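For reference, the structure discussed in these notes is given below.
The values are calculated or read from the model by the stated rules, or taken from the named source; none is laboratory data. None of the values given here were measured: they were computed from a predicted structure. Please note: Cβ atoms are built from the backbone with ideal geometry, for glycine as well, and neighbour counts cover all protein chains shown. SASA here: full protein model, heavy atoms, side chains in, ligands and nucleic acids out. Shrake-Rupley method; radii C 1.70, N 1.55, O 1.52, S 1.80 Å.
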Amino acid sequence: MQAIASSSGIKSKRKSTQKRAFDAQAFLDSAGVARRVVEYRRSKKIYSQGDPATSVMYIQKGSIKLSVINESGREAVVAILGSGDFFGEGCLTGQSVCMATATTIAPTTVLVIEKIEMIRVLHEEHEFSDRFITYMLARNIRVEEDLIDQLFNSSEKRLARTLLLLAHYGARGHPQKVLPKVSQEMLAEMIGTTRARVNFFMNKFRKLGFIQYNGEIHINNSLLRVVLHE
């Protein structure tokens, strides 16, 4: 998912969007990369925290959440990923176990590429390697922006930014107007607040015309005003 920075970094997302114009799916198809296709229903675990890390995965369609659980059993959602995103890349850096749990939040199809095959492709296909590195750097920037968002922005602004990210605002092509089914509890976990606060702001956004919310969440571009407002 493309990064939508808090108000200090909103312009940077356009550059990231341009760099992601490379069609990873088309490359994986044309280059004969050995992989298998796996389909999951909604709310299914792809892998769990602590499982052996043996492959890189590419989301062909659908959405997943990455979450971690601490020693006391508390869960935190650390990322929501959608079509065109890679995950599980930690195995390429020597991680022997998965650091998070990957769970689908919509019917999802993933391409599973074994670690050895992914390393081979990165070594032999320089264009793909360059684009993959660019993608991972953009992901790191996104993580930094999320941390800044948590530290310095209000829960209202964090919620608006999260909704825009889920809608792929600023991504190549047209942003999706209807979000994958996501609960208020999950939104609360993602932005570090309570479900009651999420419910309050969702109702506020609806009254202001930023979203339509009747089971499904429809996002209007005007929601960006909340992110940009100082």
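Table for the structure above
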item	result
Distant-in-sequence amide H partners of Ile217 (H built 1.01 Å from N, under 5 Å)	Leu179
Built amide H within the under 5 Å cut-off of Ser63, gap 5+	Ile105, Ala106
Charge dipole (the range 68-197, unit charges on Cβ, about Cα centre) - positive-most of Ser154, Ile119, Leu137	Ser154
Helix 115-124 vs. the chain, principal-axis angle (Cα, 0 to 90°, nearest 10)	80
Derived scalar couplings ³J(HN,Hα) [the range 57-71; Karplus, 6.51 cos²θ - 1.76 cosθ + 1.60; whole Hz; x for Gly, Pro]	10, 10, 7, 7, 7, x, 8, 9, 10, 9, 9, 10, 10, 8, 5
Solvent-accessible area, 1.4 Å probe, carbon plus sulfur percent, for the chain	53
Cα-based helix-to-principal-axis angle, 155-166 vs the chain, degrees rounded to 10	40
Chain lengthening between Val68 and Gln25 when straightened (0.36 nm per residue, less Cα-Cα)	12.7 nm
R0 of 45 Å, Cβ-Cβ distance Ser222-Glu127: FRET efficiency to nearest 0.05	0.70
Principal semi-axes in Å for the chain [√(5λ), Cα gyration tensor, largest first]	30, 20, 16
Given charges at beta-carbon only (K, R positive; D, E negative), |dipole| of the chain in Debye	960
Whole-Hz couplings from phi, Karplus 6.51/-1.76/1.60, listed for the range 84-91; x for Gly and Pro	x, 9, 9, 8, x, 6, x, 5
Stokes-Einstein translational diffusion, the range 70-135 - Kirkwood Rh over all Cα pairs, 0.890 mPa s, 25 °C, in µm²/s	174
Karplus 3J(HN,Hα) series, Hz, for the range 181-195 with 6.51 cos²θ - 1.76 cosθ + 1.60 (x for Gly, Pro)	4, 9, 7, 5, 4, 5, 4, 4, 5, 5, 9, x, 9, 9, 4
Cα-Cα over 21 Å, subset of Lys45/Lys157; Lys157/Lys207; Lys45/Lys65; Lys61/Lys181; Lys157/Lys204	Lys45/Lys157
Long-range HN-HN contacts of Val78 with modeled amide H, under 5 Å	Leu66, Ser67, Val68
Residues of the chain: accessible area per residue with a 1.4 Å probe, Å²	52
